[in-house]
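The values are calculated or read from the model by the stated rules, or taken from the named source; none is laboratory data. The structure presented is a predicted model; accordingly, all values stated were derived computationally and were not measured. FYI the Cβ positions are ideal-geometry reconstructions off the backbone, even for glycines, and counts take in every protein chain you see. Accessible surface areas use protein heavy atoms only, side chains included; no ligands, DNA or RNA. Shrake-Rupley method; radii C 1.70, N 1.55, O 1.52, S 1.80 Å.
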Amino acid sequence: MHEDILAGAYDLHVHTGPDVLPRKLDDVEMADRLMRIGMKGHGIKNHYFCTAERARLINAFRPGYRAVGGLCLNNTVGGLNPVAVEMAARDGAKIIWMPTFDSANEQEHIRHSPPDKLPHWAQLRMEYERRGKPLPVIGILEDGRLKKAASEVLEVIASHRLILATGHLGKEEVLVLVKEAVRHGVRKIVVTHPNFPSLRLSKEEQKELAELGAFMEHCYTTPNTGKDTWESVCEQIRYVGPERCILSTDLGQPAGPYPDEGLADFAGKLLEGGFRKEEIRRMTAENTSHLVES
């Protein structure tokens with residue numbers, strides 16, 4: 001299972017319960033599973049609510065473990081809302097995701113996707129549309145430049161030394177955001193699943209962002225569900241370099257494997273792809289620890 005490679009690692013992209021959507025496991029079970037194999041902690045990603053308080057509770061009841069809370073800037077928190085980011089930071093949040101399923105980019109992608117492939121969250125949005133109350137879509141640019149609210153969000157992230165994650169933004173948005181984040185003094189930047197279907201950054205574009213200081217976050221679910229190939233993932237990581245990549249799972253869906261199983265399988269796939277154990281540990285343990293603990 002390659003669990004030895006995961007000692008001291010974090011999985012910073014996990015969809016645990018309780019949640020609005022069905023989940024495979026809750027935070028307590030997740031912490032217990034990861035502690036058994038010597039992992040340090042997990043990042044709790046919820047598309048709707050801040051997870052800082054959940055992380056604090058888990059850490060109080062599991063001494064030595066480090067659950068990491070965060071906030072997604074979707075409609076439920078007011079979108080590009082610097083006050084929500086400030087309060088999340090004061091509550092202990094470490095990761096701020098730009099809009100995910102409410103992003104204009106993701107919604108444009110969904111409109112061109114087969115109806116039978118719609119995720120659960122898309123069905124929730126459609127409920128509002130059927131009621132005649134469609135939810136807003138959120139973009140971060142206006143005339144190619146960062147909106148004022150997005151800049152204010154970056155200021156808060158920089159002042160609290162938080163991790164900025166790009167969420168489900170589009171290609172142009174990500175390129176502008178990372179450059180502006182660096183200019184605002186943000187020092188920890190993660191490009192969320194750069195090979196996701198609604199983004200599809202080329203390996204050259206990923207390298208450009210990495211050279212600006214961003215980490216590419218490769219998620220297990222993307223190749224495991226056929227949205228990319230394992231060969232392509234290996235090629236992208238090799239081109240950018242393990243020193244600027246992290247591995248996460250994006251798991252928690254009821255039908256998927258447990259996150260610890262997914263991360264172990266991810267490590268196995270990379271070993272088969274020619275990566276050394278030291279390179280995989282760099283992406284699972286060293287780079288993630290730098291993001292969370294520095």
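Listed values, structure above:
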{"read-out": "Residues that are under 15 Å from S294 (Cβ atoms) and touching a residue at least 40 places away in the same chain (Cβ under 8 Å), drawn from region 179-199", "value": "K188, V190"}
{"read-out": "Region 177-214 - residue that is of a type in the set (A, V, I, L, M) and assigned to a helix (DSSP H, G or I) and, of those, farthest from K148 (Cα to Cα)", "value": "A210"}
{"read-out": "Residues satisfying the stated conditions in region 159-176, i.e. among the charged types (D, E, K, R) and either modelled with pLDDT under 95 or outside any loop (DSSP other than H, G, I, E, B) (or both)", "value": "K171, E172, E173"}
{"read-out": "Residue match in region 71-88 (condition: farther than 25 Å from G139 by Cα, of a type outside the set (A, V, I, L, M), open to solvent by less than 50 Å² (accessible area, probe 1.4 Å) and at pLDDT 95 or above)", "value": "no"}
{"read-out": "Selection within region 242-263 - within 23 Å of E211 (Cα to Cα) and either surrounded by fewer than 16 Cβ atoms within 10 Å (Cβ to Cβ) or among the β-branched types (V, I, T) (or both)", "value": "E243, I246"}
{"read-out": "Helices (runs of 4 or more DSSP H) enclosed by region 17-97 - at least 2 residues per element that are without any contact (Cβ under 8 Å) to a residue 40 or more places away in the chain, touching a Phe, Trp or Tyr at 6+ places or on another chain (Cβ under 8 Å) and not β-branched (V, I, T)", "value": "27-36"}
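Here is a yes/no grid of residues against (1) open to solvent by 20 Å² or more (accessible area, probe 1.4 Å); (2) over 25 Å from E3 (Cβ atoms):
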| site | (1), (2) |
| --- | --- |
| L25 | no, no |
| V28 | yes, no |
| F49 | yes, yes |
| V68 | no, no |
